[in-house]
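The values are calculated or read from the model by the stated rules, or taken from the named source; none is laboratory data. Everything numeric in this text was worked out from a predicted model, so none of it was measured. Because the Cβ atoms are built from the backbone with ideal geometry, glycine has one as well, and the counts that use them run over all protein chains shown. Note: accessible area is taken over every heavy atom of the protein model, side chains too, but ligands, DNA and RNA are not part of it. Shrake-Rupley method; radii C 1.70, N 1.55, O 1.52, S 1.80 Å.
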Amino acid sequence: MPSRNMYAEPFRIKAIETIKETTRSTREMLIKEAGYNVFNLRGEDVYIDLLTDSGTAAMSDNQWAGMMLGDESYAGCKNFYHLRDAINDIMGYKYVVPTHQGRAAENILMTLMVKAGQRVLGNMHFDTTEGHILIRNAKPVNLVIPEGKQPAIHHPFKGNFDLERLEAEIKQFGRAQIPFVLITVTCNNNGGQPVAMANIRGVREIASRYGIPVYLDAARYAENCYFIKMREPGYQDKSIKEIAREMFSYADGCTMSAKKDALVNIGGFLAFKDDRELYEKAVQVQITYEGFRTYGGLAGRDLEAIARGLYEGIDERYLENRIRQVAYLGEELLAAGIPIIEPPGGHGIYVDVKRFLSHLPQAAFPAQALVVELYLEAGIRAVELGTCAFGYRNPETGEMVYPEMELVRLAIPRRVYTDRHMDLVVRAFRAIAARKERIPGLRLVYEAPVLRHFTARFEMLSFHH
Ligand code: F0G
């Protein structure tokens, strides 16, 4: 490998997609029409799209070549076996249930395991996971360490479980109330923060003592493995695959949104280590909701792209470049005085808007206001993780309940943007910071009863609120 100062991207660009530039006055019109909600914008009106790292990766020539080798047989297509072999090789899991994306895998797992009144224990459940638990009248419980919720505190593994609280929960509610423990690697909801191997092992030990199964939400497992290699003693000389094998060995199975670390635009799967009976039950649900066991709602070509993408996702040079780019954006924003969750996580930078726009009360949707400013300033699309996404009205009093953190996520698609795009994001932040006291805040004018952030509409407040 070249020395640090001879470092550049470990790929060159073979196909490009032109992105449109718009003028500020066009963007003013478009964002107003969108009800100041970037989910209502057209993708082509966005210059740098940091809405999500999910399904937005650039596939490699090797993956595209694999797409041409799609076997579209209804039953037994060869690409299914390639995918199964890849998962068997990297994760050590025997039984594979392909699904159209991650949440479909969650749906199958929850259908098999979760009953009303139960509690699913996690470090921090992702939104769709939480939704699947709540829909079954069960309770999602988040047991991340306290450092995991404090943006400015440094800790190498802010996605870790609080093992004492985990054991206390199990003792209090008992095996019958807890269908499984779910470890989300990396932990998306607090900044793409990794979970240490020692912590995963600890979860396994505690759960095993009480006979409780453990599952991984493996959407960003490869990024998590890279952090383990960089930060956890004893892993420096291991390959990412060796680290992954150990990590997956502590769980009974996993769900995965392949749209993240498998570097594809669509797809996911549920996998079981060795429980054939559970696998057969899963296939029953899969066939009703997704498709036959060897395609699960995907085309043969999609399965091939996942099988190949899984190997590219654990390539160390790829991971180094990926994590380095995210860190680069984080460091440059810090240098510009922008408060972020520290240290940067695996798939994006999360701006701490409570500190950045401290003049705005949560009632004025400060994180959403920043999302709007980023679009107006430079055509950048980010996502709000604050009062709009997580605030809610108390059903009895009608009063607003505000979330602890007010964040804007800048999720970085894999292999898509260069550091020059990141520099532009930093310049936009510098410009916004210079006039931040004049950012007016927003007023909610439409909200749907559930998951309101996807469809909410706002008006801009006047400057003197
Ligand atoms: N688990 C995690 C940790 C996720 O981040 C996501 C999706 C899912 C499960 C669901 O997977 O989208 O394939 O159904 N996260 C995306 C995001 C949407 O923007 O963070 P899916």
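Here are a few things to note about the model shown:
- Count of segment 203-229 residues which are open to solvent by 10 Å² or more (accessible area, probe 1.4 Å) and out of contact with any Asp or Glu (no Cβ under 9 Å at 6 or more places or on another chain): 4
- Residue within segment 293-301 that is assigned to a loop (DSSP other than H, G, I, E, B), open to solvent by less than 30 Å² (accessible area, probe 1.4 Å), within 16 Å of the ligand (Cβ to nearest atom) and not hydrophobic (A, V, I, L, M, F, W, C) present: yes
- Subset of segment 107-134 (residues that are open to solvent by 50 Å² or more (accessible area, probe 1.4 Å) and over 21 Å from the mean Cα position of the chain (by Cα)): THR111, LYS115, ALA116
- Set LEU270, LEU310, LEU263: member being at positive phi, modelled with pLDDT of 95 or more and surrounded by 17 or more Cβ atoms within 10 Å (Cβ to Cβ): LEU263
- Count of segment 378-396 residues which are touching a residue at least 60 places away in the same chain (Cβ under 8 Å) and acidic (Asp, Glu): 1
- Exactly one residue out of THR418, THR387, THR455 is open to solvent by less than 80 Å² (accessible area, probe 1.4 Å), closer than 18 Å to LYS354 by Cβ and either in contact with a Ser or Thr (Cβ under 7 Å, 6 or more places away or on another chain) or among the hydroxyl-bearing types (Ser, Thr, Tyr) (or both): that is THR387.
- Residue in segment 71-94 that is assigned by TED's automatic domain parsing to the domain that holds GLY348, away from the ligand (no atom under 16 Å from the Cβ) and exposed (fewer than 12 other Cβ atoms within 10 Å of the Cβ) present: no
- Selection within segment 41-70 - within 16 Å of the ligand (Cβ to nearest atom) and of a type in the set (Asp, Glu): ASP49, ASP53
- Out of PHE173, PHE180, sole residue that is over 19 Å from the mean Cα position of the chain (by Cα) and more than 22 Å from ASN107 (Cα to Cα): PHE173
- Filtered residues of segment 215-268 (kept if part of a loop (DSSP other than H, G, I, E, B) and more than 11 Å from the ligand (Cβ to nearest atom)): GLU232, PRO233, GLY234, TYR235, GLN236, ASP237, LYS238, SER239, TYR250, ALA251, ASP252, LEU263
- Those residues of segment 130-145 which are under 16 Å from ILE183 (Cα atoms), at pLDDT 95 or above and out of contact with any Leu (no Cβ under 6 Å at 6 or more places or on another chain), in sequence order: HIS132, ILE133, LYS139, PRO140, ASN142, VAL144, ILE145
- Strands (runs of 3 or more DSSP E) wholly inside segment 349-465 that include at least 1 residues being under 30 Å from GLU316 (Cβ atoms) and within 16 Å of the ligand (Cβ to nearest atom): 383-385, 407-411
- Any chance THR99 is at pLDDT below 95 and within 16 Å of the ligand (Cβ to nearest atom): no
A quick yes/no check of all residues on (1) open to solvent by less than 20 Å² (accessible area, probe 1.4 Å); (2) among the aliphatic types (A, V, I, L, M); (3) farther than 15 Å from ASN123 by Cβ; (4) in a loop (DSSP other than H, G, I, E, B):
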residue: ASN137; (1), (2), (3), (4): no, no, yes, yes
residue: GLY148; (1), (2), (3), (4): yes, no, no, no
residue: ALA152; (1), (2), (3), (4): no, yes, yes, yes
residue: GLY159; (1), (2), (3), (4): yes, no, no, yes
residue: GLU164; (1), (2), (3), (4): no, no, no, no
residue: GLU167; (1), (2), (3), (4): no, no, no, no
residue: GLN172; (1), (2), (3), (4): no, no, yes, no
residue: PRO179; (1), (2), (3), (4): yes, no, yes, yes
residue: ILE183; (1), (2), (3), (4): yes, yes, no, no
